[in-house]
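These notes concern the structure reproduced below.
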Amino acid sequence: MVLRQTIIRHGRTVVSSSTKCIQRSRSYATSYNINNPQHRQSERDHQPIRSIPGHPDDPSSLLDAIGHEGTPGTAPIEGSVSSSADDISSLRGQVLSYVASQNSGAIPSPKSFLEQQNALPPPPYESPEALEASREAHRELTSSGSTQSHIYQPWTILQNPPTPDQVTLPMLLANQCHLGHATALWHPGNSTYIFGIRENIHIISLEITLSYLRRAAKVVQEVARRGGIILFVGTRKAMRDVVVNSATLAGGYHIFQRWIPGSLTNGQQILDRCAVKVVNAADEELEQYREPLKSSSRAVLRPDLVVCLNPLENEVCLHECGLYNVPTIGIVDTDVNPAWVTYPIPANDDSPRSVALISGALARAGEQGQMLRREEGLQGKTTYDTRGVQRYLQGMGEIAGLDVQERGKQGKADKDFD
């Protein structure tokens, strides 16, 4: 025989079986399952006798009295329910009649409604002067308030960089140009460029950065005005778009992957197959010199100015430029030797925004120099000395008219001259 009892344990009510059961199982009341046979009421359990007549569980209650005759105990309740229903129906009729009497004059007839729809609307303004006055009031209302003109937009620096004259100290500060490296990594040559120390980080003086940037921009502008070759070098992954856009804007060339060692010191072997063309003052190619340049040996053209955006990774490039007296411009951080470049610009070389701002300003200076050179070229003037090029082209024409043996002798003499 199974005994059912209610036990309170740990604040919960559980249903347990007696010790005579082989399988002992306990289930909390929160997980009550009616399909469990232990949770069902047994037919042998004692059924209590109800002492309250008319209980909802009893068949003689009001819930089960529909369609059946009432008992003497429920007759007074049925009478009160029917009288309440009559009162509610009479009150509803009074409310509906009152609402109909109040809205009888407000509801338009179908004919009057159609007349209102077909009628022409009145003119909005009585005269043209009133219309113009309304427009003037609307313009004054919409033009009131303030507009934001000076907004910092860092995404525009790459495609539309500012000119060197437009660069300001707040702009340098916003682009993180003042952040240097840890004090343990500094180079003593940068002591004159450091403004102070904050949390063991050197802070670069932005006043010196701005002055050195404008000085380097003057150099780039003058080299571009004289038709020089400007080379932008930036070998970090984040500098690729910056280097390409700056070189395109300044009319120069770019290297964004890796500087090949010996590009200047051994340029005759590395750059011998590079294409070369002869142009006039208006940058128009002279096609009559295309074939002679391909067939004859020539000296490798070296850049007139190199702009290095990360000097720490391009020490070989700067060393080769120093051997051939090629001027260089570089972004010098606090851990870089400023003596590596000719025109240092103390700034943060790890921030892409800082590099984009400085490189874009230099590219704008090169663009201005190219515009000045083209303006003078349209007038038939040249901003650079062309006598060396003329002598070279004249000698190349003389070599083209010689035989094979004389060409070899002349080429050897030209190499000795170079």
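The numbers here are math on the coordinates, done by the rules we state, and not lab data. These numbers were taken from a predicted model, which means no experiment stands behind them. Don't worry about glycine lacking a Cβ; one is built from the backbone with ideal geometry, like all the others, and counts go over all protein chains shown.
Descriptive notes on the structure:
- Electrostatic dipole magnitude of segment 243-349 [Cβ: Lys, Arg +1; Asp, Glu -1; Cα centre; debye, to 20]: 380 debye
- Considered as an equivalent ellipsoid built on the Cα gyration tensor, segment 131-261 has semi-axes of 39, 24, 15 Å, the largest given first.
- Neighbour cut-off at most 13 other Cβ (10 Å), DSSP loop, GluC sites (Glu not before Pro), segment 173-270: GLU199
- Over segment 158-408 - Rg/Rh using Cα atoms and the Kirkwood inverse-distance radius: 1.04
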